[in-house]
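These notes concern the structure reproduced below.
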Amino acid sequence: MARWEDGREKEARLKPGPTGDSGVAAAEVEFERYEMREGAVHQFELQRRDFFKALGGGIAILVAVRAPLATAVAAQESGGRGRRGSEEIPETVGAWLHVGEDGGVSVFTGKVEIGQNIRTSLAQAVAEELRVPLASIRMTMGDTEKVPFDMGTFGSRSTPTMGLQLRRAASAAKDVLIDLAAKKWGVERDKLAAEDARVHDPRSGRTASYAELATGQQFSQTIPEEDPLIAPAKWTIAGKSIEKVIGRDFVTGQHRYPSDTALPGMLFGKIVRPSAFGATLISVDAKDAKAMDGVTCVTDGDFIGVAAPSEYLAAQAAKRIHAEWKSSPQPSSDGIFDYLKTHRGKGQDYDEPKPQVAGSIESGLAAADVKLQQTYAVAYIAHTPLEPRAAVAEWKDGALTVWTGTQRPFAVRDDLAQTFHLSRERVRVLMPDMGSGYGGKHTAECAIEAARLARASGKPVKLVWTREEEFTWAYFRPAALIEISSGATHDGSVTAWEFHNYNSGSSGIATPYDIANQKIEFHPSDSPLRQGSYRGLAATANHFARETHMDELARAVKMDALEFRRRNLKDARLLAVFEAAAKAFGWSDRKKEAGRGFGIAGGVEKGGYLATCAEVRVDSASGEVKVERLVSAFECGAIVNPEHLRNQVEGAMVMGMGGALFEAIEFADGKITNPHFAQYRVPRFGDMPKIEAVLVDRKDLPSAGAGETPIMGVAPAIGSAIFDASGVRLRAMPLVPKGLKTAKA
């Protein structure tokens, strides 16, 4: 693996890997996780824990990370700044499970809860394999002092990787308990069974609770190989719509989010931001702020911040600091797509992506009866999480503890250690279940800022970004320019497919359609805005362009959009979700009428298979577009919790509507010009159509993740429906930020 000049490993470039039945590559790193390759946000001028000691006696199971997963961990983590030289991953353990003397089951994982309900589904997986009531399970998540290393909660990997690891741990713990009972009773273990947190002997009628068997034990075991697991068809706890663990705390307001965290004597922080992206600090005058009672003012390099006894006082102190910045002209959102095509990525630390080529484009076009060439565009958009970035930092005896909302606690810990020149053991990061992330909370800037203010003030400091800061200084979903050239015969066979993506990324770039002649290529660009992970990554842009173009091709050969896809598909799983969505939607029975249109789109990503149908109404007089109905069929192998999966699919559909119809970041000369919800349009209650999620449960296949893929079919389905209703083809997202421009509108 290549290394940085300071010895750190470079991020592995995305390479297609072997896939199992779930269609998920064993070790993948998506190219467009740009934020993981960033340098430090600020440069300051600052100079196996004892398991039983912490938890008491019982049965401890440590899950060893197998070679393919260890490779994935190393590759993905190397995108941050934490891995230095040839240092190994801190533990070769992916999960910890402890059965205590009280019968309680403690589960420790580096995955975090950000609203996707993984706390519940992982608990279900453990309860299923260990054969215990769900209520007996205590989940500890995202606390770097207590849980084993984890690369982060992203990429729809929690269910297929961590879920599998915890199932193996639970199964191994059950085996240990059965062995203890067999030894205690002097019988063969094969004659015993486990159920409801007890081991019983059917022949004699004897039973022993897990608590009894664990009492007085200090037994630990590492699982080096696969362990036999319960088949999904036989699940009794997993596979059920069990309500959200600690859900009552959320609806009653008892849950404390990162921004709710409070410590005795805590101060409140505020940062003075540059005048524009990339601006250089020329001078700073902070004497007025320093003169305020109780205010700590910090100027360190390009960092300017204050800490005060109240949020109001901190804001007032920040306003009294006079900073002069120097900035240079920068690109604007007008003309951004030409800029991305003509400004290739430079000075990047990655291997140049190689095109995917099969057959001959020239031969494919020569065989085509219809040729089509079109360009598609996707704007930068913001994550707009319910809870902006927040952190509380406290220093004690030279050690640092930070409570923060992040999808990558260990990466944040490592960034803090590097920034403040500490060993990792001196930094602890805790992640209370936070108010969403959508891929936007992978970096450590807020935690670093709070820690710098806390160090200067000698007191704990809480820093919560404003909505304007979140809109401006976080990273965005990358913009994209996509060019497609294709050819098809009159019978509906696609003979040529050439696809070029500029800037956004390579996720979902490969076509699932059976096309003999194709060339697919991603071209990195020099983005003028900070960009990075967003729900679905570049797959949303790539699906939008591909599925819109497929609709255009279908119309060019005068074929129904669904039938056209059937003609070009051999993937049985993708065909199945297209059929399921079409059936639920009533695709074959749809009736054409003026101002009403229908669209369909689908695809494959991260082991999930998706098809979406849309119905829209267009008012030709006003240009108003109303999405009347959305139906998505989704298949991700065996379903762990149907209701929570339905929530994920429906939430993704709503979120997808925002990017499809309205959302776009506007900017000029290094400044965001619409950094408020009053200017940045997201879906509202009045925008909501009738939504239906059709869940295709494949108990014969491993479970895959579901957090990202369901967003991908929304925009192309809506865009095709708008064309069907109005005859206006829209090839840029957002489709109708200011309504549809028709001949009458």
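Listed values, structure above:
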| read-out | value |
| --- | --- |
| Residues that are farther than 30 Å from PHE662 by Cα and either open to solvent by less than 20 Å² (accessible area, probe 1.4 Å) or not in a loop (DSSP other than H, G, I, E, B) (or both), drawn from the range 382-400 | ALA391, VAL392, ALA393, GLU394, TRP395, LYS396, ALA399, LEU400 |
| Residue within the range 267-281 that is assigned to a loop (DSSP other than H, G, I, E, B), charged (D, E, K, R) and closer than 23 Å to GLY39 by Cα present | yes |
| Candidates SER485, SER423, SER436, SER457, filtered to the one that is among the small types (Gly, Ala, Ser) and assigned by TED's automatic domain parsing to the domain that holds LYS671 | SER485 |
| Evaluation of ALA704 against (1) aliphatic (A, V, I, L, M); (2) surrounded by fewer than 24 Cβ atoms within 10 Å (Cβ to Cβ); (3) assigned to a loop (DSSP other than H, G, I, E, B) (one fails), failing number | (2) |
| Positions within the range 414-423 being closer than 23 Å to ALA307 by Cα, open to solvent by 10 Å² or more (accessible area, probe 1.4 Å) and either of a type in the set (Ser, Thr, Tyr) or not in a helix (DSSP H, G or I) (or both), in sequence order | THR419, HIS421, LEU422 |
| ASN503, sole failed condition from (1) over 27 Å from PRO385 (Cβ atoms); (2) in contact with a Ser or Thr (Cβ under 9 Å, 6 or more places away or on another chain); (3) not assigned by TED's automatic domain parsing to the domain that holds THR443 | (1) |
| Output for the range 633-690, where each listed residue is open to solvent by less than 30 Å² (accessible area, probe 1.4 Å) and either at pLDDT below 95 or among the polar types (S, T, N, Q) (or both) | ASN641, ASN674 |
| All positions within the range 170-205 that are assigned to a loop (DSSP other than H, G, I, E, B) and either closer than 19 Å to ILE137 by Cα or touching a strand residue (DSSP E or B) at 6+ places or on another chain (Cβ under 7 Å) (or both) | LEU192, ASP196, ALA197, PRO202 |
| The range 214-259 - residue that is polar (S, T, N, Q) and assigned to a helix (DSSP H, G or I) and, of those, most open to solvent (accessible area, probe 1.4 Å) | THR252 |
| Test: residue in the range 176-190 that is under 30 Å from GLY532 (Cβ atoms), out of contact with any Ser or Thr (no Cβ under 6 Å at 6 or more places or on another chain), hydrophobic (A, V, I, L, M, F, W, C) and surrounded by 24 or more Cβ atoms within 10 Å (Cβ to Cβ) | no |
| Residue list for the range 282-316, restricted to those being closer than 27 Å to SER327 by Cα and aromatic (Phe, Trp, Tyr) | PHE303 |
| Those strands (runs of 3 or more DSSP E) lying entirely in the range 303-381 with at least 2 residues not aliphatic (A, V, I, L, M) | 303-308, 322-326, 370-378 |
| Enumeration of residues in the range 462-479 that are of a type in the set (A, V, I, L, M, F, W, C) and in contact with a Phe, Trp or Tyr (Cβ under 7 Å, 6 or more places away or on another chain) | PHE471, PHE476, ALA479 |
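Matching residues to (1) closer than 30 Å to LYS462 by Cα; (2) of a type outside the set (Val, Ile, Thr):
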| residue | (1), (2) |
| --- | --- |
| ARG273 | yes, yes |
| ALA276 | yes, yes |
| VAL284 | yes, no |
| ASP288 | yes, yes |
| SER310 | yes, yes |
| ALA323 | yes, yes |
| PHE337 | no, yes |
| LEU340 | no, yes |
| HIS343 | no, yes |
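This table checks each residue for (1) crowded, with 24+ Cβ neighbours inside 10 Å; (2) in the same structural domain as GLN407 (by TED's automatic domain parsing); (3) not in a strand (DSSP E or B).
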{"residue": "HIS543", "(1), (2), (3)": "yes, no, yes"}
{"residue": "GLU547", "(1), (2), (3)": "yes, no, yes"}
{"residue": "LEU569", "(1), (2), (3)": "no, no, yes"}
{"residue": "VAL577", "(1), (2), (3)": "yes, no, yes"}
{"residue": "VAL604", "(1), (2), (3)": "no, no, no"}
{"residue": "LEU610", "(1), (2), (3)": "yes, no, no"}
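Conditions tested, residue by residue: (1) touching a helix residue (DSSP H, G or I) at 6+ places or on another chain (Cβ under 6 Å); (2) part of a helix (DSSP H, G or I).
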| position | (1), (2) |
| --- | --- |
| VAL402 | yes, no |
| GLN407 | no, no |
| VAL412 | yes, yes |
| GLU425 | no, yes |
| ARG428 | no, no |
| MET434 | yes, no |
| GLY439 | no, no |
| THR443 | yes, no |
| ALA447 | yes, yes |
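The values are calculated or read from the model by the stated rules, or taken from the named source; none is laboratory data. None of these values were measured; they are calculated from a predicted model. Here Cβ is always computed from backbone atoms with ideal geometry, including for glycine, and neighbour counts include all displayed protein chains. All accessible areas refer to the heavy atoms of the entire protein, side chains included, with ligands and DNA or RNA removed. Shrake-Rupley method; radii C 1.70, N 1.55, O 1.52, S 1.80 Å.
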